[in-house]
Amino acid sequence: MAGIGLEYKGVSSISGPIIMVENVKGVGYDELVSVKTQTGEIRLGKVIQVSQKAVTVQVFEGTTGLSPTATRTRFLGHSLEVPVSTEMLGRVMNSYGEPIDGHPRFFTDEKRDVNGYPLNPTAREYPKDFIQTGVSAIDGLASLVRGQKLPVFSGPGLSHNELAAQIVRQAQIRNANEPFNVVFIAMGLGHDDADFFRKSFEETGAIKNVAMFLNLADDPPVERILTPRAGLTLAEYLAYEEDSHVLVVMTDMTNYCEALREVSAAMEEVPSRKGYPGYMYSDLASIYERAGRVVGKKGSITQMPILTMPNDDITHPIPDLTGYITEGQIVLSRNLEKQGIYPPIYITTSLSRLMKDGIGKGSTREDHANVASQLYSAYAQYNSVKSLVTIIGEEGLGTRDKEYLRFGERFEKTLINQGKMENRTIEQTLDIAWDALSDLPEEELTSIKPEYIQKYLPKTDTEVK
Amino acid sequence: MTAKGSVIRVAGPVVEAKGLQDSVMHEMVEVGNDGLIGEIIRLEGEFATIQVYQPTTGLKLNEPVLGTGSPLSVELAPGLIGNVFDGIQRPLESIRQITGPFIKQARGVTALNREKKWTFNPTAKVGAHLIGGDILGTVQETDLVEHRVMVPIGLQGKLTKIASKGDYTIVETIATLEVDGKNADVQMLQKWPVRTPRPNTKRLFATVPLITGQRVIDTFFPIAKGGSAAIPGPFGAGKTVTQQQLAKWSDANIVIYVGCGERGNEMVDVLDSFPKLLDPTTGHPLMERTILVANTSNMPVSAREASIYTGIALAEYYRDMGYAVALMADSTSRWAEALREVSGRLEEMPAEEGFPSYLPSRLAEFYERTGVVETLGQDDRTGSICAIGAVSPPGGDFSEPVTQHTKRFTRVFWALDAELADARHYPSINWMTSYSGYIADLAGWWHNNVDEKWNGYREEAMRILQAEEELRNIVKLVGPEALPDKQRLILETARVLRIAFLQQNALDPIDTYCSPQKQFKMLKIIVDFHHLADGVVSKGAPIFKVTELPVMEDIMRMKSGIPNDQLDKLEELEKKMHANIELLEASLR
Ligand SMILES: Nc1ncnc2c1ncn2[C@@H]1O[C@H](COP(=O)(O)OP(=O)(O)OP(=O)(O)O)[C@@H](O)[C@H]1O
Ligand SMILES: [Mg+2]
């Protein structure tokens, strides 16, 4: 324990957010480091390598203004811990969980390691409680369940913020009244966007249930690596120690990944695709896998990460690696947004993998799964007809194709499209779906059980023969 | 005599130590005051590089490193089936009992329970000369699995003592062999180094299909018992669902499911559903033939690298008992990335996309451990291992190294396709780019067990799908209405094949498993329909009259409407199809 508390003066090298300190003893891997600049400012960092020559430290607030001779480092003997407390609800924190809203400090002594521990797979409970977001495209076609991680893949300038705010406002478990909290995590967010969220939480009175962790665009990028971890540490505390259902909104994961790339570059690591580090998959998994339910615990953590796809490219490493970890994705489309459709959710590439056990009789409605799968294949058909139309015109289409065209247009206008304040029940959503499906001939509805067609398909005049 | 050294560098999962001149390459070591489990992966004089399988947070210079004298090994004995292990075979249920819902260091936990008693039923006779692999006796491990306790590999001699039928723990002596005049005691518990393939007597040809109950696989791109397959596909294309379907319904004796760097919830899905699902042939819960190796994406990356070997070593052990084992690895890309991450920390020279240059040889070694073999031992037992590896190519681009190299070492390629998955065509196995190298080897089985026309029908169906593919390019330019009716019929039949045959809903209680007999009958109905319809179209029937036939909707619904045990209904349907076409033909006269 020789190193603890001892202060070392001078560092042997500085490169990007990385510093090396020589002749240090008794330091552990991953240990927290306090770094004092020559002006007396304190920054934090962590040990990312120890060797006989030197200790390598990653400085969260960056190394701007550090001098090789005057910098002082102190090794704290434990890894980074953040305070956790219900007092943090209704408050605004920085990436270390310290209040930055001008209100008093927290009274709590409770602290937790920001990295948490990996959840034992055998301790997980399979998520299956349907969350009604009131947004038809999500509830009907990519349903969210408690304990799921379901990201929004957006593009710069698309209406993901409005959608996220609407979901936070409307999300509810049907027939249940259990404690519900939001942890909002901003990474590299602009002040306007941060204000948008704050206002939207205030307007609905939700703010007292929201803990906001802010790392804004002008905060040090390296700190962004901590922000989601600090927020999730609180979420785990609320969920597993305070029995609360927590919805974690994280935006923008793209900024997070860029910070990761910056650190990796400074360490001169061999980069993987587009310069992002080869371990980005594991790193993102250490964040996303903190969603879930735990056997024997009342609370849950549901994650809704938001990311903007560079160039709207879904194969870019950030959406790609995210999609490989999360349990589906909600994809926004510039094309739909241009047509004035809100929310511009493109269901073809959207998916909820946990939908299967969260819907159906007892949770939503018996016909839900069938209807969703019919809508998916019909909409795919619509899209291929639409691309045919651009070449041969509508006249060249057969009757069946024309019916698909009509269906698709109605589907986009009535089911996908809805008001920003409009909160639809799942029954309303499914009824709208049946209306759209009634544009198709009945024998096309092969994904739906005949008894449901009988029961739910609106009878049109032509059918009453 | 084990080595004792000390830590001189810590960089994540890679630790360097000195003072280990007495250890050997790939020796398992205990690192630091907490005794973290590691493996020596480089040895130069007294300096060793160690891959540590547990988090190294807090590890300091000069902490001790102790050799264990043996390589990273699996424990083999009754108690494996139904269990859940991490990548280095630590039992996750037992760890949960000690450290709670989150995984923390739990020292001294063994893979298999040492206290539990199993009923041992001796079968070998005292006085017999036994060799490694010979069966000493059996233990009913689960209702589905008879565990055959074998003479450890490498041991041979006269059986001088064998335990009488009764209950024993896995560490009690159950047999004694006289080896070179000395007594060698044998327990049920044996160990085997994970990175070393277990030997066999002879490799045999694979001629029996692994029946999976998935139509596109069994009928079009079949895999043999003892075969190897790759399932590459972008995220959300259906790799995991396909692997789980195979784990559920395939007719293997033993299933080993390796969750390698994937989601925790997918493991729970298996743990929740398998005990409730019943094996279609025996009626017992599927969990009674399944072992789970779960090293999820948030667990240490180096143990992820080991998980594949742990899985295949367990598979070999059951193969040696004479079983057909199916191993699923989801996803081998995460394994390759683990290899890359460790290689990067070793500052090795990267080859393609940062992967180490030994990536292809490691993949080859892994798939080489599959196959049908005559096992060790004096009786003629055969066993097999079939491995199915998911591949997760970045951006869904199959030209990347892991997909390309896996393709070289596997004989079946089920290419999952984003476009099909987006259109909710599941399983999204692309019938144009997928292939199976076993068709000729397995045709005999289908011929003898299902129908002699199997291969004829499957080739015919494939031709229709190929013709559709070519016509589609024309349709894209002129629209379907511009084609002659005979060609539109091809489009129509292909559509029926795609929706009514190739698409198979894993979530539908009936469609989730389709017996080989049902598969063949369904295929026959569609292909026969095509020929008959082609006949009437040639005689001048307009195509819309064909598509409007009432039997079309029955054909579209047969997969989920007709259960596997009511195939007579398919025969009725076949008759209805003939009648419908005849009626149409009559109306032309
Ligand atoms: N045969 C099938 N029947 C019904 N649904 C399916 C089938 N195959 C795939 N799906 C659907 O596709 C979703 C994604 O499948 P899956 O989780 O297997 O993808 P994956 O290829 O393993 O993706 P990742 O690489 O991200 O793990 C499933 O949750 C399910 O909704
Ligand atoms: Mg998967």
Listed residues B:THR242, B:ILE254, B:LEU271: farthest to the positive end of the dipole of segment B:209-284 (Cβ charges): B:THR242
Put a dot 7 Å past each Cα toward the Cβ at A:GLU443 and B:ASN455; how far apart are the dots in nm? 3.7
Gained length - A:LYS297 relative to A:ALA70, 0.36 nm times residue gap less alpha-carbon distance: 76.8 nm
Expected 222 nm ellipticity per residue - DSSP helices of 4 or more, -39500 (n - 2.57), all of chain B, to 500: -10500 deg cm²/dmol
Treating only Lys and Arg (+1) and Asp and Glu (-1) as charged, each at its beta carbon, one finds that segment A:94-218 has a dipole about its Cα centre, in Debye to the nearest 20, of 440
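Over all residues in B:296-305, what is the mean tally of Cβ atoms on other chains that come within 10 Å of each residue's Cβ? Write down the numbers at each step before the final one.
Values: counts 7, 10, 14, 8, 2, 4, 0, 0, 1, 0.
Whole-number average of other-chain Cβ neighbours for B:296-305 is 5.
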Take peptides B:50-58, A:177-185 and line them up by average Cβ neighbours within 10 Å, highest first, as a rough protection proxy. B:50-58, A:177-185
Sorted by packing (mean other beta-carbon atoms within 10 Å per residue), highest first, where do B:560-573, B:127-140 land? B:127-140, B:560-573
Once you put a point 7 Å from the Cα of A:SER15 and another 7 Å from the Cα of B:ASP534, both along the Cβ direction, what distance in nm separates them? 6.8
Residue-averaged [θ]222 nm for chain A, counting only DSSP H segments that reach four residues, each worth -39500 (n - 2.57): -9000 deg cm²/dmol
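Take every Cα pair under 8 Å in chain B that's 6+ residues apart, average their separations, divide by the length, and report that relative contact order as a whole percent. Could you put the intermediate results ahead of the total?
Details: 1255 pairs, mean separation 75.2, N = 589.
After rounding, I find 13 percent.
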Reachable aspartates and glutamates from A:LYS199, criterion Cα separation under 16 angstrom, eight or more residues apart if same chain: A:ASP101, A:GLU162
Can you grab the distance from the C-alpha centre of segment B:21-92 to the C-alpha centre of segment B:165-232, Å, no decimals? 25
What percent do you get for the relative contact order of segment A:277-387 when only Cα pairs under 8 Å and 6+ apart count? 16
Spin-label point model (7 Å from Cα, Cβ direction): what's the B:ARG472 to B:GLU178 distance in nm? 7.2
Magnitude of the Cβ-charge dipole (Lys and Arg +1, Asp and Glu -1) of segment B:110-191 about the Cα centre, nearest 20 debye, reported as 140
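For A:THR425 and A:GLN454, what is the calculated FRET efficiency with R₀ set at 22 Å and r taken between the beta-carbons, to the nearest 0.05? Each step should come with its number before you reach the end.
On the way: r = 23 Å, r/R0 = 1.03.
Calculated value: 0.45.
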Helix B:359-368 axis, angle to chain B major axis (alpha carbon atoms, nearest 10°): 80
Zone of B:MET462's modelled label, taken as backbone nitrogen in segment B:230-268 under 18 Å from a point 7 Å along Cα→Cβ: B:230
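What list do you get for A:MET421, B:MET522 if you sort them by fewest beta carbons within 10 Å? List each step's numbers first, then the result.
Numbers: A:MET421 9, B:MET522 24.
Least to most surrounded, the residues fall as A:MET421, B:MET522.
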If packing is taken as the average count of other Cβ atoms within 10 Å, what order do A:361-370, A:449-458 fall into, highest mean first? A:361-370, A:449-458
Could you give the length gained on full extension between B:LYS576 and B:GLU481, defined as 0.36 nm per residue of separation minus the Cα-Cα distance, in nm? 31.4 nm
From other protein chains only, count the Cβ atoms within 10 Å of every residue's Cβ in B:267-277, then give the mean. 3
What FRET efficiency do you get for A:LYS25 and B:ASN33 if R0 is 22 Å and r is their Cβ-Cβ distance, rounded to the nearest 0.05? 0.85
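Taking every residue in B:84-90, how many Cβ atoms of other protein chains lie within 10 Å of its Cβ, on average? Show your work: numbers first, answer last.
On the way: counts 3, 0, 3, 0, 0, 0, 0.
Mean shielding by partner chains, rounded to a whole number: 1.
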Kindly express, to the nearest 10 degrees and within the range 0 to 90, the angle between helix B:516-538's C-alpha long axis and the longest C-alpha principal axis of chain B. 30
Contour excess over end-to-end distance, with Cα ends at A:SER34 and A:ASP113 and 0.36 nm allotted per residue: 26.8 nm
Express in whole angstrom the spacing between the alpha-carbon centres of segment B:527-552 and segment A:403-446. 33
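By the scheme Lys and Arg +1, Asp and Glu -1, what is the net charge of all other residues having a beta-carbon under 14 Å from that of B:LEU346? It would help to have the intermediate numbers written out before the result.
Numbers: positive: B:ARG9, B:ARG42, B:ARG340, B:ARG345; negative: A:GLU269, B:GLU16, B:GLU39, B:GLU44, B:GLU305, B:GLU341, B:GLU347, B:GLU348.
Net of charged neighbours comes to -4.
Give me the percent relative contact order of chain A, please, defined on Cα pairs under 8 angstrom at least 6 residues apart.
Working: 973 pairs, mean separation 76.0, N = 465.
Relative contact order of chain A: 16 percent.
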In segment A:266-311, what GluC sites (Glu not before Pro) fall in a loop by DSSP, with at most 10 other Cβ atoms inside 10 Å? A:GLU268
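Taking the Cβ of each residue in A:ASP192, B:ASP508 as the centre, tally the other Cβ atoms inside 10 Å and list the residues starting with the fewest. Each step should come with its number before you reach the end.
Values: A:ASP192 9, B:ASP508 16.
Ascending Cβ contact count within 10 Å gives the list A:ASP192, B:ASP508.
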Cross-link partners of A:LYS36 among lysines (Cα-Cα below 25 Å; sequence separation of 8 or more within a chain): A:LYS9, A:LYS25, A:LYS46, A:LYS53, A:LYS111, B:LYS60
How far, in degrees from 0 to 90, does helix B:439-449 lean away from the longest principal axis of the Cα atoms of chain B, to the nearest 10? 70
Filtered pair list for segment B:202-437 (Lys only, Cα < 20 Å, 8 or more apart or interchain) has a length of 7
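Using only the Cα atoms of segment B:212-320, build the gyration tensor, take square roots of its eigenvalues as a ≥ b ≥ c, and label the shape rounded, prolate or oblate: rounded if a/c is under 1.5, else prolate if a/b is larger than b/c, else oblate.
Numbers: a/c = 1.37, a/b = 1.25, b/c = 1.09.
Note, shape of segment B:212-320 comes out rounded.
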Which Cα, out of A:MET212, A:VAL152, A:HIS191, lies furthest along the positive dipole direction of segment A:127-251 (beta carbon charges, K/R +1, D/E -1)? A:VAL152
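What does the charge dipole of chain A about its Cα centre add up to, to the nearest 20 debye, if the Cβ of each Lys and Arg holds +1 and the Cβ of each Asp and Glu holds -1? Can you show the working numbers first?
Numbers: 48 positive and 62 negative charges, 159 e Å.
Here chain A has a charge dipole of around 760 debye.
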If each part is reduced to its alpha-carbon centroid, segment B:349-393 and segment B:264-321 end up apart, in Å, by 18
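Would you mind ranking A:HIS245, B:HIS578, A:HIS103 by Cβ crowding within 10 Å, fewest neighbours first?
On the way: A:HIS245 24, B:HIS578 15, A:HIS103 11.
Fewest-to-most ranking of A:HIS245, B:HIS578, A:HIS103: A:HIS103, B:HIS578, A:HIS245.
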Could you calculate the FRET efficiency of B:GLU548 with B:ILE131 from 1/(1 + (r/R0)^6), where r is the beta carbon distance between them and R0 is 51 Å, rounded to 0.05? 0.15
Have a look at B:ILE170, B:THR219, B:PRO78 and report the one farthest towards the positive end of the charge dipole of the protein assembly as shown, computed about the Cα centre with Cβ charges (Lys/Arg +1, Asp/Glu -1). B:ILE170
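Values quoted throughout were computed directly from the atomic coordinates according to the rules given, and no laboratory measurement underlies them. Being a predicted model, the structure only gives us computed values, none of them experimental. All Cβ positions, glycine included, derive from the backbone under ideal geometry; neighbour counts span all protein chains shown.
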